[in-house]
Amino acid sequence: MFWNYLKIAFRNLYKQHAYTLINVVGLSTGIAAFIIIMMFVQYHFSFDKHIPEQDRFYRLIQVQHGQGVGEQHVAFNPGPMAPELPLAIPEVEYAVRMLNWGTVLLRVGDVFFEQRNVYYTDSVVFKTFGIKLIKGNPGDVFKTMNSVVLSKSAAEKTFGSVDAAYGQTIELNHEKDYLISGIMEDQPLNAHLQIEMLVAYQSMERKNAFLRSWNSNSMPVYVRLRPNADATIVGEKITQLLEDHKEYDFFTQSPKIYLQPLNQIHSKSRIVKFQLNHAPVDFSLLIAILITAIIIIAIACINFINLAIARSVKRAKEVGVRKTLGASRLNLVYHFIGESLIITFVSVVLALIYVEISLPEFNQILQSELRLSFFTNPLLNIGLFGIWIGISLLSGFYPAFYMSRYQAVEVLKGIRDSGSRFGGWLSKALVVFQFAVAIGLTFIVLVTNKQIMYIANKDLGYNYKNVIALRIPGPDNQKNSQLLKQELKQINGVMATAAVSDINGVAGSQTTIWVDDTTDIKMMTRMGYVDEDFFDLMEIPVVLGRNFDKTFKTDELEAVILNQAAVEALDWEDPIGKRFKPFGADTLPKRTVIGVISDYHYYSIHSRIEPAAFYLRPDGYNMVCIRHNRSDIETFKTDLETKWQELFPGNPLQLVTAEERLEREYRGDRNSLKLFTLFTVLALLISALGLYGLTALRIEQRSREIAIRKVLGGNMVQMILLVAKEFLVLVGIAILIALPVAWLFSLQLLDRFAYTITISLLEVISAIGIALLIALITIIFHSGRIVTNNPVNALKTD
Amino acid sequence: MIKAEKLTKVFRTDEVETTALNEVSFEINKGEFVAIMGPSGCGKSTLLNILGLLDNPSKGKYYFLEKEVSKSTERQRANLRKENIGFVFQNFNLIDELTVFENVELPLIYLGMPAKDRRKRVDEVLEQMQIAHRRKHFPLQLSGGQQQRVAVARAVVAKPSLILADEPTGNLDSAHGEEVMNLLNDLNANGTTIIMVTHSQRDAEYAQRLIRLFDGQIINENIKKNLL
């Protein structure tokens, strides 16, 4: 019996190859999109699963309220906090600090290596993060101050093998005699912290006073609580601890600490500032694309169901004969579900081929490392089997029950079940759903696109074109910045150079500055160290007062330049000459405002421009910026490299263009847009495919009616309208449903940006236009056949 | 074998009520060959559908193999059908997607017969109907007469005690028509009861008894010899 079903199903599908093709193409595309999205979602939900005692592991988040920035959640806490926590709070089993020092330079003999993902920490890290050592003992590796633990890969990269690396001494950021006291296993990539090298915390702490201060928040702190401890209560206790150690009031309210559970760190940290998350993702984005995936697969299933129902008229005779010969309804249900199993199976196989082909591209867009691994990912296999059976049943069930309901007598006599015509409400509802989704998605993509274009073209307040920044090599940044500035100017095409803490002008950190008057105002600002050439180079106008000037000897120790946002936050009418007092870790003399620059977007346009204060501080520069007029960028980079090797032989040159850096800020947005555009096009395509098939079948069903009308004098346009009307009404209803929903969703989406476009009628009209166009093209394409067909053919066959 | 008591069938639409059969009563014994005749719309096919358990009457009683079945469910009727009744239609009603062999095999599949036995039985019947050489062809590759022979083969393959034929020669030329009628005649001679609806006087001559219908009522019921 089974083989009989299978055989007949195959033959049926082969015979109706156009129908089968539409189904298979639609379904496989939908399934492929679904698989990729599910893999993406699985990848993001797999983050941090290697950390032991998941449910007791937390990151400490500090909620601050400061003048100029309002409320902010930061993932940084003071250096002395972690060692204190297990001593002061019994519920805390372990606490560990993870101070990141960016990319460090390792020197082995005469060779330099750049090492990323370096953390200064304590030996408790091995227990809390579940890091296993291949060489060395967790209790001993950080016994001496200058000790380093390398990952297996890092050891192999620098020394060739684990054994060769273990016990060696290296130079770290131009400091000699760091002992490689341990080698750890490589840490998983799907972790919010990428760890490749660990260094004893003390080695950094002894050189930097702020790392010993409770007033400087500079590193993430993680805790593992004892079983059954209440995280809320622990948070309150840590808040109190922080309060007890407070020396200054930096904020408008005392900061509060809460414990962020491990499973929220990767995907639910959008509001958290100052975090080091690797490839973070927004939970709402995950949900949005998950919904899109389900919608796409639903559209494909709907095609399946609609085509099957529309085709059922043609198959009515077969059902009638089978019933007459004794087939029970269940027999027929099996029969039709068998066909659906075959179509879906073929589609799943095809989908896997699409996925395999397109994964590299997707990995680039999604910034992920997805792979189709059947052997190591049991969930994938279960998922695929589930997709196969699920879709087969979902799409096969209704048509199967629908067709098996036919009365043998009626279909054999030629009486058509009125429900079998396309007039059935379910078919109509499904078409409306398909189009509503297609229109909604189109609308959202149009709005997103407009927003991204707006950002891309928005005046950021500075000229980032033709700017390259070079990282200044240590150990003497001050001397080397001067040297670089001078020497780089000699390269053809270099128009100006400037030294700065970071290419965007601000150092990334925040500080509180205290107004030196009777108001006792303390304002939180971003902080930047720039020299006298930076604002000119970036074409950032000084709107009040003056720029830094080398001829003013006091500028270096006593001057500050603010941005307009800072002036506004302080509500100053005449800021020039106003003074700040030394405060907290800032032991410098009083600073006087000498100038105000116009606001520019030093970070992405997602966030409002925060108050910023700029100081002239030669020992704080990390980069030298160049403005050039070269169009041959690659040769220019070679010129820079040649000059660099003259000045700092053996040192690796690290450079970044301002445009690249800006692109990084918006990469997430662009990628989301690409993704949604792709899925929208897919959804439209599958919908169009379904409509194509449906129109074809509908015209076939109505061929007799159309033939009679033609005999009676109906012309081509009237016939096309006859068919089109049926579908256009449905598209109209879809528009009414889709637009309000899509509109609301778009507003939510725009809410993520600080500066946004307004949605106009243009997007509405465009979305409707695209949907109508697709519907009309499909219908007209088919209707052509009505005209060319000889009416007698249709009349005879009936 | 068959006993109809005041069988009535009424078709209703929103506005019109049509009585297709009006209190029709008769009996048919095992082994009989009965022809039903009458003008278009007189209720012949409706009657045949009820006799074939494809439809239920609106009123009246229908005894099939001594069992009252007028109120049976579709499931019960399906079981009775597949074990006892074979159908032959005017338009053959073969499944175009299946080969000759597979079309004939279908009733046996629904009866749950093992594959080996099925093959044997189908081959036997195809030989008997002289269509075995076409066993791998699809219906649309055959002539009308050949298609109807396949249809008859399919009707008899499960060895039903009753064959219902609805205008079996209606779509055939006279030579092919005669072939089919001879097949039915042979089956009847071997003990199969046959009820046939026809327009053709010639075909009716093969029957032993004739029932004439007009406007849903029997107007004449005669034994062959008296009639002709």
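The values are calculated or read from the model by the stated rules, or taken from the named source; none is laboratory data. Bear in mind the structure is a predicted one, so any value in this text is a computation, not a measurement. Cβ atoms come from the backbone with ideal geometry, glycine included; neighbour counts cover every protein chain shown. The protein model used for the area step is the full one, side chains on, heavy atoms only, and it has no ligands, DNA or RNA in it. Shrake-Rupley method; radii C 1.70, N 1.55, O 1.52, S 1.80 Å.
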Taking H placed 1.01 Å from N in the peptide plane, check which residues at least 5 places from A:GLY182 or on another chain put their amide H under 5 Å from its amide H. A:VAL148, A:LEU150, A:GLY167
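Given Cβ point charges of +1 (Lys, Arg) and -1 (Asp, Glu) and nothing else, what value in debye, to the nearest 20, does the dipole of the stretch A:605-665 about its Cα centre take? Don't skip to the end; give the middle numbers.
Numbers: 8 positive and 11 negative charges, 46 e Å.
Value, rounded to 20: 220 debye.
For the stretch B:1-141, what is the accessible area per residue in Å², given a 1.4 Å probe and the full set of protein chains? Could you put the intermediate results ahead of the total?
Details: 6780 Å² over 141 residues.
Accessible area per residue, the stretch B:1-141: 48 Å².
Could you state, as a whole-number percent, how many of the C-alpha pairs of the stretch A:15-86 are farther apart than 16 Å? List each step's numbers first, then the result.
Numbers: 1904 of 2556 pairs.
Of all Cα-Cα pairs in the stretch A:15-86, 74 percent lie more than 16 Å apart.
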Report the Cα-based extents of chain B along its three principal axes, largest first, to the nearest Å. 47, 40, 36
Given the whole protein assembly as supplied and a 1.4 Å probe, what does the accessible area of A:TYR692 come to in Å², nearest 10? 80 Å²
Mind listing, in residue-number order, the residues in the stretch A:1-35 that have at least 20 Å² less accessible area with every protein chain present than in their own chain alone (1.4 Å probe)? A:MET1, A:ASN4, A:LYS7, A:ILE8, A:ARG11, A:ASN12, A:LYS15
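Ordering A:TYR58, A:TYR354, B:TYR62 from largest to smallest accessible area (1.4 angstrom probe), what's the sequence?
On the way: A:TYR58 30, A:TYR354 75, B:TYR62 0 Å².
Descending order: A:TYR354, A:TYR58, B:TYR62.
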For the interface of chains A and B, what total accessible area is buried with a 1.4 Å probe, rounded to the nearest 100 Å²? 2300 Å²
Here the relative contact order (percent) of the stretch A:231-353, from C-alpha pairs under 8 Å and at least 6 apart, is 14 percent
Residues of the stretch A:302-321 buried by at least 10 Å² on assembly (accessible area, 1.4 Å probe, chain alone as reference): A:LYS317, A:GLU318, A:VAL321
Quick one: how many Å² of A:SER328 are accessible to a 1.4 Å probe, rounded to 10? 40 Å²
What are the ³J(HN,Hα) couplings of the stretch A:681-689, residue after residue, when phi is run through the Karplus curve with 6.51, -1.76, 1.60 and θ = phi - 60°? Round to Hz, x for glycine and proline. 4, 4, 4, 5, 4, 5, 4, 4, 4
Extreme residue, positive dipole direction of the stretch A:605-743, given options A:MET719, A:ALA688, A:VAL624 (C-beta unit charges): A:MET719
Any residue on another chain or 5+ positions along whose placed amide H is under 5 Å from the amide H of A:ALA496 is listed here as A:ARG627
Residues of chain A: accessible area per residue at 1.4 Å, in Å²? 43 Å²
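Could you sort A:THR252, B:THR198, A:THR518 by their accessible area in this structure, using a 1.4 Å probe and putting the largest first?
On the way: A:THR252 90, B:THR198 0, A:THR518 140 Å².
Largest accessible area first, the list is A:THR518, A:THR252, B:THR198.
Placing +1 at every Lys and Arg Cβ and -1 at every Asp and Glu Cβ, with all other atoms neutral, what dipole size does the stretch B:105-210 have around its Cα centre, in debye to the nearest 20?
560 debye
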From phi via Karplus (6.51, -1.76, 1.60), per-residue ³J(HN,Hα) for the stretch A:540-552 in Hz, x at Gly/Pro: 9, x, 8, 8, 9, x, 9, 7, 4, 9, 5, 6, 8
Could you go through the stretch A:270-276 in sequence order and give the Karplus-derived ³J(HN,Hα) for each residue, using 6.51 cos²θ - 1.76 cosθ + 1.60 with θ = phi - 60°, rounded to whole Hz, and x for Gly and Pro? 4, 8, 7, 8, 6, 10, 10
Part-to-part distance (alpha-carbon centres) for the stretch A:102-136 and the stretch A:1-50, which is given in Å: 46 Å
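Could you sort A:LYS553, B:LYS59, A:LYS317 by their accessible area in this structure, using a 1.4 Å probe and putting the largest first? Don't skip to the answer; put the middle values down first.
Values: A:LYS553 175, B:LYS59 130, A:LYS317 75 Å².
Result, largest first: A:LYS553, B:LYS59, A:LYS317.
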Express the relative contact order of chain A as a whole percentage, based on alpha carbon pairs under 8 Å and six or more residues apart in sequence. 16 percent
Note to self, chain A gives a 222 nm [θ] from helices alone (DSSP H runs n ≥ 4, -39500 (n - 2.57) apiece, / all residues, nearest 500) of -17000 deg cm²/dmol
Once the dipole of the protein assembly as shown is set up with Lys and Arg at +1 and Asp and Glu at -1 on Cβ about the Cα centre, which of A:VAL141, B:HIS176, A:GLY528 lies farthest towards its positive end? B:HIS176
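List the GluC sites (Glu not before Pro) within the stretch A:339-386 that fall in a DSSP loop (any state other than H, G, I, E or B) and whose Cβ has at most 15 other Cβ atoms within 10 Å. If you can, show how the numbers build up before the last one.
Working: sites: A:GLU339, A:GLU356, A:GLU361, A:GLU369; in loops: A:GLU369.
Filter output for the stretch A:339-386: A:GLU369.
Which value results for Rg/Rh of the protein assembly as shown when Rg is the Cα radius of gyration and Rh the Kirkwood radius based on the inverse mean 1/r? Walk me through the intermediate numbers first.
On the way: Rg = 42.0 Å, Rh = 35.9 Å.
Rg divided by Rh gives 1.17.
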Rounded to the nearest 10 Å², what accessible area does A:LYS135 show when all protein chains are kept and the probe is 1.4 Å? 60 Å²
What is the Cα centroid distance between the stretch B:36-74 and the stretch A:507-541, reported in whole angstrom? 98 Å
Enumerate the amide H contacts of B:VAL88 below 5 Å, restricted to partners 5 or more residues apart or on another chain; note that Pro and chain-start residues carry no placed amide H. B:LEU164, B:ALA165, B:ASP166
In chain A the accessible area split gives carbon plus sulfur, as whole percent at 1.4 Å, a share of 59 percent
Taking chain B and counting helices only, DSSP H stretches of n ≥ 4 at -39,500 (n - 2.57) each over all residues, the nearest-500 ellipticity at 222 nm comes to -10500 deg cm²/dmol
